[in-house]
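Report on the following structure.
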């Protein structure tokens, strides 16, 4: 069923409309971004490489070029619903193999000096996303945890 849906979506110009929505200079609020990207989670494995490269990679590029990660990490991290939407956006970026170590550092830094609810939400988010991290990203994340918790664990 997902194959028929994504095929029909493409035939009706849906992918092109989606790319146009993320064109340079366009402002896309996080809830709208989430709503536009979310359906691809259920049919991602059924999309062709051509479709991913032509239509979804420009969205990832737009997300990176517009500093969306920095923007979405500025506020609302205390709200679990917001963090759930952020997780879906980040998972999309991870699936496209576009989450850099610098992006991971930005995500990690979002909880520094913040209220414990935000710290918990960021740690929970990282734990959920870690299942899809590359070995290099996992090593980097473990390094962040070691530095953070070394004083309490007796490490230097």
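Every number in this text was worked out from the coordinates using simple rules, so none of it is lab data. Just so it is clear, the model here is predicted, and its values are computed rather than measured. With ideal geometry, Cβ positions are generated from the backbone for all residues, glycine too; neighbour counts draw on all protein chains shown.
General observations
- Förster radius 25 Å - calculated FRET efficiency between residue 65 and residue 35, Cβ distance, rounded to 0.05: 0.75
- Fewest-first ordering of 122, 49 by other beta carbons within 10 Å of each residue's beta carbon gives 49, 122.
- Note on residue 114 and residue 23: their simple-model spin labels are 3.4 nm apart, each label 7 Å out from Cα toward Cβ.
- Mean ellipticity per residue at 222 nm, deg cm²/dmol - from DSSP H runs of n ≥ 4 across the chain, formula -39500 (n - 2.57): -19500 deg cm²/dmol
- Point-to-point label distance, residue 128-residue 98, nm (Cα→Cβ direction, 7 Å offset): 2.1
- Mean projected area in nm² (Cα convex hull; one quarter of hull surface) for segment 97-143: 3.1
- Normalised contact order of segment 2-153, rounded percent, pairs of Cα under 8 Å and 6 or more residues apart: 22
- Highest-first packing order for the peptide set 86-92, 129-135 is 86-92, 129-135, based on the mean count of other beta carbon atoms within 10 Å.
- Length gained on full extension, residue 145 to residue 74, computed as 0.36 nm times the residue gap minus the Cα-Cα distance: 23.4 nm.
- With coordinates expressed along the principal axes, the C-alpha atoms belonging to the chain extend over 60, 29, 26 Å, beginning with the largest.
- Diffusion constant of segment 70-156 at 25 °C, which comes from Stokes-Einstein with the Kirkwood Cα-pair radius and 0.890 mPa s, µm²/s: 183
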